[in-house]
Amino acid sequence: MQLKQLEVFIDAAENLNFTAVAQKNYISQPAVTKQIKALEEELGFELFIRKHKKIELTEAGRLYCQLLKPLMRDFKLITGQARDLATRKSPTIRIGYTGTIFNTFLSDILRIFYQKYPMVQFSYYNNSVSMIEYMQEDDLDLIFGDDNLLSAKGYRDFIPLRPIQYYFIVPFKDVLADKKCLSFQDMDGKTIISPAFYKSLNNRMSHCFNNDCTHSDIHLVNSLDELFIKISLGEGFAILPDYCLKESTHISTVPAVLPFKSTFGISIKNGNVSEQIQYFISVAQKVISEINNLY
């Protein structure tokens with residue numbers, strides 16, 4: 001039994017006209033008749049009743065066509081997906097994010113997402129100046145972060161996922177580590193360590209620093225790991241959202257009192273959004289909503 005025979009049979013069953021089937025498949029009418037006859041012989045029953053120049057499906061042929069069509073669709077879908085994987089033509093979603101919270105729910109998002117789109121691939125950009133460059137060049141499809149951080153040119157439709165609490169990160173033995181809360185006024189005269197990508201984008205935070213920390217210096221680092229190392233060595237202080245926090249015996253986190261509120265969410269690149277990205281966002285909303293309900 002050949003795949004072409006099955007395709008010709010389905011065309012014939014839908015058209016009930018061998019001439020039309022021959023034209024559609026770029027073969028001769030006798031070739032259509034030959035393939036149908038060969039299929040009937042292999043199956044052991046007739047698929048069509050021939051009446052002069054007209055054909056009709058037999059009862060068995062009608063049932064066979066009804067059951068075969070969805071199988072053929074599935075076969076073509078599976079073949080296409082496997083071919084895309086083999087030739088690396090599957091779509092890629094490019095995601096930027098900061099902090100660690102993305103890692104905590106990514107596996108849950110992908111588990112649900114891959115049930116519908118198993119061939120989609122992902123590229124990730126995390127905690128680096130290069131992420132900002134990609135962001136500004138419009139080379140990322142979506143970015144996870146806070147609403148103020150994601151105000152870069154070329155991105156739109158911020159989708160809120162959950163509120164954010166900011167914390168000051170202080171050396172463990174510093175006297176400020178015992179405070180119940182801190183503000184930027186408490187940081188005046190201190191060295192502030194900031195990720196380079198926050199300095200590039202976080203306008204509200206920069207405004208607070210410029211107003212309340214007039215005697216402070218700011219030191220930029222290219223990663224959160226570098227930031228935590230410097231603070232653990234007593235080289236300065238930092239302020240970070242809760243999704244960027246990291247457990248360490250050498251630092252303390254103190255809730256920040258700020259004149260503004262922030263929200264963690266997704267920002268989408270300008271332009272048409274693919275159905276895969278739309279579905280990814282809907283899954284992320286569902287997963288994070290379920291996480292929020294646990295607390």
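Key figures
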quantity: Largest-first principal axis extents, alpha carbons of the range 164-260, Å; calculated: 31, 28, 27
quantity: Cα-Cα over 19 Å, subset of 34/54; 37/76; 34/76; 4/76; calculated: 37/76; 34/76
quantity: Förster radius 30 Å - calculated FRET efficiency between residue 223 and residue 76, Cβ distance, rounded to 0.05; calculated: 0.05
quantity: 11 Å beta-carbon shell around residue 263, net charge (K/R +1, D/E -1); calculated: 0
quantity: Rg and Dmax of the range 157-196, Cα atoms only, in Å; calculated: 13.7, 43
quantity: Burial ordering of 244, 65, fewest other beta-carbon atoms within 10 Å first; calculated: 65, 244
quantity: Counting DSSP beta bridges with both ends in the range 164-260, the antiparallel % (nearest 5); calculated: 55 percent
quantity: Amide H contacts under 5 Å for residue 48, placed H, 5+ residues apart; calculated: 58
quantity: Share of alpha-carbon pairs per 5 Å distance bin for the range 219-262, given as whole %; calculated: 5, 19, 34, 22, 15, 5, 0
quantity: Per-pair calculated FRET efficiency, R0 = 35 Å: residue 122 and residue 179 via Cβ, rounded to 0.05; calculated: 0.30
quantity: Calculated from backbone phi, Karplus (6.51, -1.76, 1.60) coupling profile of the range 164-170 in Hz, x at Gly/Pro; calculated: 10, 10, 8, 9, 8, 9, 10
quantity: Packing-based exposure ordering (other Cβ within 10 Å, fewest first) of 188, 147; calculated: 188, 147
quantity: Amide H within-cut-off set for residue 162, under 5 Å, with H built and near neighbours excluded; calculated: 264
quantity: Nitroxide proxy distance, nm - points 7 Å out along Cα→Cβ at residue 49 and residue 212; calculated: 8.7 nm
quantity: Spherically averaged projected area in nm², based on the convex hull that wraps the Cα atoms of the range 3-87; calculated: 6.1 nm²
quantity: Long-range HN-HN contacts of residue 122 with modeled amide H, under 5 Å; calculated: 93
quantity: Proximal aspartates and glutamates relative to residue 180, as straight alpha-carbon distance under 20 Å, when same-chain residues fewer than 8 apart are discounted; calculated: 188, 212, 242, 247
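The numbers here are math on the coordinates, done by the rules we state, and not lab data. Since we're looking at a predicted model, the values are computed, not measured. Cβ sites come from the backbone with ideal geometry, for glycine too, and all protein chains shown count toward neighbours.
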